[in-house]
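One structure is given below, encoded as structure tokens.
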Amino acid sequence: MTMELLKRLSEVAGVPGREETVRQIVLRELKPLADETKTDILGNVIAMKKGRGGPKVMLAAHMDEIGFLVSHVDEKTGFLKIDPLGGFDPRVLMAKRVVVHTESGDLVGVMGSKPVHVLSEEERSKALEIKDLFIDLGLPGDKVRKRVQVGDFVTLRQDFVEMGDLVSGKALDDRVGVYAMIEAFRRVKKHRADIYAVATTQEEVGVRGARVSGYGVSPDIGVALDVTVASDVPGAQESDHVTKLGKGVAIKIKDSLSISNPKLVRRLRQVAEKRKIPYQLEILPRGGTDAGAIQMAKEGVAVVTISIPTRYLHSVVECAHKKDIQATIDLLVAFLEEASEGDYAL
Ligand code: CO
Ligand code: ZN
């Protein structure tokens, strides 16, 4: 498994609604593999491989990453205020490098906050909030005003590394899902199903790209590929782990947006067992995936989510296990090639 494509996908910048650079990479990868490729108004990439009369299967992995928009430029000091796109834990934002993506190019900055030395007793006991943070570009107000507009998008800056058995970087949510989808689409050979690989937009602000692409494709089966919580870390109880790194691909039973079709879950388990692909079953107490939107397209769609266990979700040190990524690709290929047939109506 080469990690070069995953590295590129992780390091590229694209917040909800501004996925254009990610989209270019995805299109370049999917086009040569597909019979048909198109994009829609919301920027979803839809690549199709024709089958031989089997069901319509839609895969969905989201291209967007959590980030910010510039909401205010201080004309005097040059400091920027920001509006979040997606759910951030402010604690992971302090003291980070950022990139402000302007019309005239990228500017590197830092996420600033008041130093601990000058915080009052009361301020120190309070949890940090996004409104306490600002961006420092190291430029005076007049220069910043010329370069930066309200609405320019901001991402965290982080390189991708291989670390022991893991990979670590920013935006593994959900570029590792996009990666697994592309690799499965590349590998899948004999299939009766019409396969739609959809790289979606605006997932982090409410599964918006999946809503319209799900309607457009109108599949029989929808499979979301996304990361999920792996809380297998010191201080967390075994019962709160959700998933564990290195224990295989996770087949989702339920999250806040969808209950996986039980017949699809059973089918995926059967394939995994037959092919000796390691897997775990997942219930996520809070959070959702594109499956939540796809299931409600037109008269309804049988959906399931295949998850990649990930530690430190929504931070710039997200970690996934190489074996779990491989298991995800293997399960997806096996399902597409031999197991997608069937009646999934409940
Ligand atoms: Co996310
Ligand atoms: Zn995600």
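The values are calculated or read from the model by the stated rules, or taken from the named source; none is laboratory data. Nothing here was measured: the structure is a model prediction, and the numbers come from that model. Note that we place each Cβ from the backbone using ideal geometry, even for glycine, and neighbour counts take in every protein chain shown.
Quick one: would you say F79 is outside the structural domain of V198 (by TED's automatic domain parsing), within 29 Å of D324 (Cβ to Cβ) and surrounded by 15 or more Cβ atoms within 10 Å (Cβ to Cβ)? Steps first, answer last, please.
Details: outside the structural domain of V198 (by TED's automatic domain parsing): yes; within 29 Å of D324 (Cβ to Cβ): no; surrounded by 15 or more Cβ atoms within 10 Å (Cβ to Cβ): yes.
Criteria not met by F79.
Looking at L93, is it within 30 Å of I221 (Cα to Cα) and within 16 Å of ligand 1 (Cβ to nearest atom)? Walk me through it before giving the result.
Numbers: within 30 Å of I221 (Cα to Cα): no; within 16 Å of ligand 1 (Cβ to nearest atom): yes.
Judged against the criteria, L93 is not a match.
Name the residues in region 210-230 that are over 17 Å from the mean Cα position of the chain (by Cα) and either within 11 Å of ligand 2 (Cβ to nearest atom) or aliphatic (A, V, I, L, M) (or both), would you?
Answer for region 210-230, where residues must be over 17 Å from the mean Cα position of the chain (by Cα) and either within 11 Å of ligand 2 (Cβ to nearest atom) or aliphatic (A, V, I, L, M) (or both): V212, V217, I221.
What are the residues in region 299-346 that are at pLDDT 95 or above and among the small types (G, A, S), if any?
G300, A302, S307, S315, A320, A327, A334
Select, from T305, T289, the only residue that is part of a loop (DSSP other than H, G, I, E, B), closer than 25 Å to K56 by Cα, touching a strand residue (DSSP E or B) at 6+ places or on another chain (Cβ under 7 Å) and within 16 Å of ligand 2 (Cβ to nearest atom). Give the derivation first.
Numbers: T305 fails: part of a loop (DSSP other than H, G, I, E, B).
The unique qualifying residue is T289.
Considering only residues that are more than 14 Å from A250 (Cβ to Cβ) and either within 15 Å of ligand 1 (Cβ to nearest atom) or in a strand (DSSP E or B) (or both), which ones fall in region 308-341?
Y312, H314, S315, V316, V317, E318, C319
Just to be sure I understand, how many residues within region 238-282 are more than 22 Å from K322 (Cα to Cα) and either under 20 Å from the mean Cα position of the chain (by Cα) or in contact (Cβ under 8 Å) with a residue 12 or more places away in the chain (or both)?
15
Among I135, I182, which is in contact (Cβ under 8 Å) with a residue 60 or more places away in the chain, more than 30 Å from L27 (Cα to Cα) and β-branched (V, I, T)? Break it down stepwise before answering.
Numbers: I182 fails: more than 30 Å from L27 (Cα to Cα).
Step by step, each of I135, I182 is checked, and only I135 is in contact (Cβ under 8 Å) with a residue 60 or more places away in the chain, more than 30 Å from L27 (Cα to Cα) and β-branched (V, I, T).
Kindly indicate which of K50, K76, K56, K38 is touching a Pro at 6+ places or on another chain (Cβ under 6 Å), more than 16 Å from ligand 1 (Cβ to nearest atom) and modelled with pLDDT of 95 or more.
Working: K50 fails: touching a Pro at 6+ places or on another chain (Cβ under 6 Å); K76 fails: touching a Pro at 6+ places or on another chain (Cβ under 6 Å); K38 fails: touching a Pro at 6+ places or on another chain (Cβ under 6 Å).
Step by step, each of K50, K76, K56, K38 is checked, and only K56 is touching a Pro at 6+ places or on another chain (Cβ under 6 Å), more than 16 Å from ligand 1 (Cβ to nearest atom) and modelled with pLDDT of 95 or more.
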